[in-house]
Amino acid sequence: MAERDPRLLRWIDSLISTPGLTAIRDFAEAWQVHVEGSLIALERVQSFGGPIVDVGSGGGSPGIPLAQALPDREMMLLEANARRCVYLETAARELPNVLVVRGRAEEQVTDQFGVALARALAPAAVAAEWCLPLVAIGGAVLLYAGPSAERERAGRVAEQLGGELVESTAGLLELRKVGPTPTGFPRRPGVARKRPLA
């Protein structure tokens, strides 16, 4: 069980003691938010094959808990911030299926992942534009989205990028990749946030 894995216990300890990664300082609360909260996507992730990418991984949530739960799946933690990448490399060194990459979603090779994950990355419509081009047809983007997420806007963006809004639950937004992403996407870094598609 995930709650007994000493690697995750050590990760939560390091997460709450490293400035700038989470505002949570209580271990039990951090476990609930960063481990249990990450694992709400486990069943959905398991329904798709191929490698997984955690876009804008930050302190490693949701990528690290899901990598621990899925040891046979390759997990890329994609993070643009150099300091956070150094942290992630240390935090994930006990998980052989994890690769930490410094970079932005807009700079990655498209159509290479079965699942792209994003949590607290950007508004859902912007995160959809960053993540959908990374996913191969038949794969999915799973956005950890709160109740205020603009699901309809994210769905409209998905339709423009070869995707569709499949499922929206209390915490998870699933965008399925059903067709090719048009030429010109992803747009260059910064454009999606400045000029959202929807």
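Considering only residues that are touching a strand residue (DSSP E or B) at 6+ places or on another chain (Cβ under 7 Å) and surrounded by fewer than 17 Cβ atoms within 10 Å (Cβ to Cβ), which ones fall in region 32-50? Quick ask: steps written out before the conclusion?
Quick first cut of region 32-50, residues touching a strand residue (DSSP E or B) at 6+ places or on another chain (Cβ under 7 Å) only: 40-41, 44-45, 48-50.
If the condition is that a residue be touching a strand residue (DSSP E or B) at 6+ places or on another chain (Cβ under 7 Å) and surrounded by fewer than 17 Cβ atoms within 10 Å (Cβ to Cβ), then I40, G49, G50 are the ones that fit.
Here A145, A149 are screened, and the one residue that is more than 19 Å from E36 (Cα to Cα) and out of contact with any Gly (no Cβ under 6 Å at 6 or more places or on another chain) is A149.
Scanning region 1-22 for residues that are farther than 15 Å from R84 by Cβ and either part of a loop (DSSP other than H, G, I, E, B) or touching a strand residue (DSSP E or B) at 6+ places or on another chain (Cβ under 9 Å) (or both) yields a total of 2.
So, G114, is that one open to solvent by 30 Å² or more (accessible area, probe 1.4 Å), closer than 16 Å to E174 by Cβ and in contact (Cβ under 8 Å) with a residue 12 or more places away in the chain or not?
Working: open to solvent by 30 Å² or more (accessible area, probe 1.4 Å): no; closer than 16 Å to E174 by Cβ: yes; in contact (Cβ under 8 Å) with a residue 12 or more places away in the chain: yes.
Against the criterion (open to solvent by 30 Å² or more (accessible area, probe 1.4 Å), closer than 16 Å to E174 by Cβ and in contact (Cβ under 8 Å) with a residue 12 or more places away in the chain), G114 does not qualify.
Can you name every residue in region 23-45 that is assigned to a loop (DSSP other than H, G, I, E, B), farther than 14 Å from G63 by Cα and among the small types (G, A, S)?
A23
Looking at R104, is it among the basic types (K, R), open to solvent by 50 Å² or more (accessible area, probe 1.4 Å) and under 14 Å from the mean Cα position of the chain (by Cα)?
yes
Of all residues in region 82-111, those that are in contact (Cβ under 8 Å) with a residue 12 or more places away in the chain and under 15 Å from P189 (Cβ atoms) have Cβ atoms under 9 Å from Cβ atoms of residues that are open to solvent by less than 90 Å² (accessible area, probe 1.4 Å) and among the basic types (K, R), 6 or more apart or on another chain, in R102/R84; E106/R187.
The values are calculated or read from the model by the stated rules, or taken from the named source; none is laboratory data. On a predicted model such as this, the values are computed, not experimentally measured, just so you know. Heads up, the Cβs are rebuilt from the backbone with ideal geometry, glycines too, and the neighbour counts pull from every protein chain shown. These accessible areas exclude ligands, DNA and RNA; they are computed on the full protein's heavy atoms, side chains included. Shrake-Rupley method; radii C 1.70, N 1.55, O 1.52, S 1.80 Å.
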